[in-house]
Amino acid sequence: MGNIFLFIVIGAVGIWMGAYFARRRSGGLIAEQSEKKAENKEKILEFLRENEKIQNNDVEKLAEVSDATAERYLDELEKEGKISQHGEIGQGVFYTLK
């Protein structure tokens with residue numbers, strides 16, 4: 001009976017520790033991703049300060065991100081009121097500083 005109780009306690013502590021360290025690690029990843037996102041959005045704004053306009057493909061190359069991520073960055077910057085979109089859909093769409 002004593003061995004079973006010890007086994008249960010050790011198992012419970014192991015599960016708790018695994019969950020604790022997994023949460024800590026994922027929290028660090030989230031912070032790291034947020035920092036990278038902020039850096040990439042600043043790169044976009046800096047590019048726009050030096051150039052007249054930027055397109056999705058420019059963002060993909062500049063930040064080394066996928067098409068979807070580039071779109072998300074541009075959408076967020078537009079919602080933040082930092083850039084303006086010109087055009088609706090397709091390769092003719094570009095963004096400028098507000």
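A few notes on this one:
- Selection count, region 36-75, where residues are surrounded by 14 or more Cβ atoms within 10 Å (Cβ to Cβ) and within 13 Å of the chain's Cα centre (by Cα): 11
Residue by residue, here is whether (1) of a type outside the set (A, V, I, L, M); (2) at pLDDT 75 or above; (3) in contact with a helix residue (DSSP H, G or I) (Cβ under 6 Å, 6 or more places away or on another chain) holds:
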{"position": "I4", "(1), (2), (3)": "no, yes, no"}
{"position": "I8", "(1), (2), (3)": "no, yes, no"}
{"position": "G11", "(1), (2), (3)": "yes, yes, no"}
{"position": "G14", "(1), (2), (3)": "yes, yes, no"}
{"position": "G28", "(1), (2), (3)": "yes, no, no"}
{"position": "Q33", "(1), (2), (3)": "yes, yes, no"}
{"position": "N40", "(1), (2), (3)": "yes, yes, yes"}
{"position": "R49", "(1), (2), (3)": "yes, yes, no"}
{"position": "K53", "(1), (2), (3)": "yes, yes, no"}
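- Hey, L74 without any contact (Cβ under 8 Å) to a residue 40 or more places away in the chain, of a type outside the set (S, T, N, Q), in a helix (DSSP H, G or I) and in contact with a Lys or Arg (Cβ under 8 Å, 6 or more places away or on another chain) or not: no
- Matching residues, region 50-74, being small (G, A, S) and more than 18 Å from S84 (Cα to Cα): A63, S66, A68
The values are calculated or read from the model by the stated rules, or taken from the named source; none is laboratory data. Values in this document were obtained by computation on a predicted structure and should not be read as measured data. Heads up, the Cβs are rebuilt from the backbone with ideal geometry, glycines too, and the neighbour counts pull from every protein chain shown.
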